[in-house]
1. Using a 1.4 Å probe, what is the accessible area per residue for the range 199-284, in Å²?
2. Please calculate the 1.4 Å probe accessible area of V83, with all protein chains present, and give it to the nearest 10 Å².
3. Projecting each Cα onto the charge dipole of the chain (Lys/Arg +1, Asp/Glu -1 at the beta carbon, about the Cα centre), which of V17, F273, P109 comes out farthest on the positive side?
4. For the range 21-107, with every protein chain kept in place, what is the accessible area per residue (1.4 Å probe, Å²)?
5. Go ahead and estimate [θ] at 222 nm for the chain from helices alone: -39,500 (n - 2.57) per DSSP H run with n ≥ 4, summed, over the residue count, rounded to 500.
6. Just D241, D106, D51 to compare: in a GNM of the chain, with alpha carbon springs under 10 Å, which one fluctuates most?
7. With a 1.4 Å probe and every protein chain kept in, tell me what percent of the accessible surface of the chain is carbon plus sulfur.
8. Please state the relative contact order of the chain as a whole percent: Cα pairs under 8 Å, 6+ residues apart?
Amino acid sequence: SLFVALGMLVPAVPLYVEGPLRGTSSAVGIVVGAFAVSALLLRPWAGRLGDRRGRRLLMVAGGAVFAASILGYIVSRSVGVMVVMRLITGAAEALFFVGAAAAIGDLAPEDRRSLFSVGLYAGIGIGPLIGEAVLREAGFTAAWAIAGALAAVAAALGSLVPETRPQPEPDTEDGRRPPLIHPAGIRPGVVLLANLLGMAGFFAFVPLYALQIGLSGSRIVFLTFSVVVLLIRGFGAKIPDRIGVGRAARASLALSAIGLVVVASWPSAVGLFAGAGILAVGQA
């Protein structure tokens with residue numbers, strides 16, 4: 001439910017900034033990117049909070065704040081206010097995502113935990129379809145209201161998840177708490193961040209780019225992206241085991257880069273769909 005709400009925002013936010021708010025392309029990037037900044041910064045802290053206070057609290061609080069922030073879009077009449085609302089949305093998504101991922105890691109068998117991504121990418125595929133349909137028929141206020149309602153439903157469902165909070169981690173030998181970010185995660189984290197920066201640009205500007213090249217919207221592009229990711233993850237889940245994690249990661253990054261280059265260098269609907277498909281294979 002929350003990821004469908006998130007998917008609704010993918011086409012709606014750039015169009016809102018460029019349209020009613022009369023923002024520039026830079027403003028679109030800042031507003032869309034504000035979400036990622038707060039989500040990134042809050043996730044390590046959210047993980048520690050989930051270990052101490054419980055996964056369910058993160059899901060309920062995250063879903064509720066997510067809903068409230070989206071309803072705040074209704075009264076956002078400037079780019080500055082919209083940036084603040086997006087920062088709150090990103091923080092709320094961090095709480096919900098970390099809580100949900102941790103709960104699934106606690107409850108699900110190891111070989112089925114990756115199915116969590118099905119909900120995320122299904123939301124990315126379905127959300128833009130709903131978002132653009134609502135925008136076309138009822139406008140931005142209705143889109144924000146429906147997305148907010150979906151996030152509120154996610155908060156309510158989160159309250160039904162059994163609590164799986166682990167025993168608190170002991171302090172290190174010198175009495176200090178373990179670091180929020182384990183040193184071993186820094187290098188792969190930087191690689192993942194670089195990869196996601198390209199994804200951020202894709203999600204921020206495809207809703208506007210699709211209109212420039214003559215499409216009626218970006219919903220089918222994101223649906224294609226989502227379907228390809230889900231198919232690859234479903235049928236190719238064992239690929240990293242067969243070819244090695246390092247080789248799989250390098251292939252992923254190369255395909256992601258190629259997909260973005262195709263979108264940039266082939267300014268047509270065919271180029272956009274081809275690039276989105278290649279990017280999706282890389283992301284999967």
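The values are calculated or read from the model by the stated rules, or taken from the named source; none is laboratory data. This structure is a prediction, so every number in the text was calculated from the model and none was measured. Virtual Cβ from ideal backbone geometry, glycine too; neighbours counted across all protein chains shown. Keep in mind that these areas ignore ligands, DNA and RNA; they rest on the heavy atoms of the full protein, side chains included. Shrake-Rupley method; radii C 1.70, N 1.55, O 1.52, S 1.80 Å.
1. Heavy-atom SASA per residue in the range 199-284 reads 50 Å².
2. 30 Å²
3. Toward the positive end, the furthest listed residue is F273.
4. Heavy-atom SASA per residue in the range 21-107 reads 43 Å².
5. Using -39500 (n - 2.57) per qualifying helix, the result is -27000 deg cm²/dmol.
6. D241
7. Within the chain, the accessible surface is 67 percent carbon and sulfur.
8. 25 percent
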